[in-house]
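The values are calculated or read from the model by the stated rules, or taken from the named source; none is laboratory data. Everything numeric in this text was worked out from a predicted model, so none of it was measured. Note: ideal-geometry Cβ built from the backbone for every residue, glycine included; neighbour counts use all protein chains shown. Quick note on the areas: whole protein, heavy atoms, side chains included, nothing else; ligands and nucleic acids left out. Shrake-Rupley method; radii C 1.70, N 1.55, O 1.52, S 1.80 Å.
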Amino acid sequence: MAEIIVVTSGKGGVGKTTTSASIATGLARRGKKVAVIDFDVGLRNLDLIMGCERRVVYDFVNVVQGEATLKQSLIKDKRFDSLFVLAASQTRDKDALTKEGVEKVLKELDGEGFDYIVCDSPAGIEKGAFLAMYFADRAIVVVNPEVSSVRDSDRILGLLASKTKKAEEGGRVQEALLLTRYSPTRVEKGEMLSVKDVEDVLGLKAIGVIPESGDVLSASNKGEPVILEAESDAAAAYDDAIARLLGEERPMRFTTVEKKGFFSKIFGG
């Protein structure tokens, strides 16, 4: 049975789509069969980051409304045979998605033997975000370590606890925190919240801390998930997060300022 993971946040621009692409790609790289779905009807950015925008013929809304089959609409990744993308529509209204239609697509994906279905949620609490989280088994809440992002994510946690299928059935969605654009230097200066600050406010443990990195933008511009960027700290941090998602123990990296050694201080290395 496929595990449905929603990547969500209360605020836009925190790195949800970057995270969805890297989580899905990282799971596929570990041999899992993965589908990643863009729920952001009207904008559609996931296909750009996955590098398949020119191959989109049919989209998520086409499948929901019976205008195309799932097999016609799923785009197979060129790097991993077990990774598939279902793009959002750029031309439809957000109301084009329905709970019944989303459930139909998810059940069909489950029937195709997928191990994971990653739902890339739009920001906020509108309909697309609600539908992205409604059927989730697990939620990755993406937060920038600053007050407005944390406050908005607290509202998302309230919805996950009350407005999902699991909540309606008396259970709960497994929640995990992912911090993005983290800068230990700025934390030391008091310009940014620390990992512990965010964990304490939201009552969640961090599954990963992604450092502030120019590699993220560079990878996006190339149409490649940043997790595939060799030698990138952001890629290593996403790989760590996926390991923890799968139950592995890994130390949390990129959370402290790297101290310079004696010779570095003298010679400016």
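Which trypsin sites (Lys or Arg not before Pro) in segment 198-262 sit in a loop by DSSP (not H, G, I, E or B) and have at most 12 other Cβ atoms within 10 Å of their own Cβ? Walk me through the numbers on the way to the answer.
Values: sites: K205, K222, R244, R253, K259, K260; in loops: K205, R253, K259, K260.
Within segment 198-262, the qualifying trypsin sites (Lys or Arg not before Pro) (loop, at most 12 other Cβ atoms within 10 Å) are K205, K259, K260.
How would segment 12-58 be classified by its alpha-carbon gyration tensor: rounded, prolate or oblate, with rounded meaning a/c under 1.5 and the a/b versus b/c comparison settling the rest?
Numbers: a/c = 2.11, a/b = 1.28, b/c = 1.65.
Verdict is oblate for segment 12-58.
What would the Debye formula give as log10 I(q)/I(0) at q = 0.09, 0.10, 0.15 Å⁻¹ for the alpha-carbon point model of the chain, no solvent?
-0.39, -0.48, -1.07
So what is the accessible area of the chain per residue, in Å², with the probe set to 1.4 Å?
46 Å²
Just going by the charge dipole of the chain, with Lys and Arg at +1 and Asp and Glu at -1 on Cβ, which of L160, L177, A68 is farthest out on the positive end?
Value: L177.
Determine the shape class of segment 1-146: with a ≥ b ≥ c the square roots of the Cα gyration tensor eigenvalues, call it rounded for a/c under 1.5, and otherwise prolate if a/b is greater than b/c, oblate otherwise.
rounded
Of all the accessible heavy-atom surface of segment 3-246, with the other protein chains kept in place and a 1.4 Å probe, what percent is carbon and sulfur?
Solvent-exposed carbon and sulfur of segment 3-246 make up 46 percent of the total.
With charges only on Cβ, +1 for K and R and -1 for D and E, what is the dipole size of the chain about its Cα centre, in debye, rounded to 20?
240 debye
Taking DSSP loops as anything outside H, G, I, E and B, show the longest stretch in the chain free of GluC sites (Glu not before Pro) there with at most 15 other beta carbons within 10 Å.
Longest gap between qualifying sites, sites excluded: 1-66.
If a paramagnetic tag sat 7 Å from the Cα of Q90 along the Cα-Cβ line, which residues of segment 33-53 would have the backbone N under 19 Å from that point?
In segment 33-53, the label zone of Q90 (backbone N under 19 Å from the point 7 Å along Cα→Cβ) covers 37-53.
Roughly how many Å is it from the Cα centre of segment 1-45 to that of segment 244-260, as a whole number?
A separation of 22 Å, based on Cα centres.
If you place +1 on the Cβ of every Lys and Arg, -1 on the Cβ of every Asp and Glu, and leave all else neutral, what size is the dipole of segment 1-158 about its Cα centre, to the nearest 20 Debye? Walk me through the intermediate numbers first.
Values: 22 positive and 23 negative charges, 80 e Å.
Dipole size: approximately 380 debye.
Taking the Cα centre of segment 192-263 as origin and charging only Cβ (+1 Lys, Arg; -1 Asp, Glu), how large is the dipole, in debye to the nearest 20? Before the final figure, lay out each step's value.
Numbers: 8 positive and 14 negative charges, 36 e Å.
Roughly 180 debye for segment 192-263.
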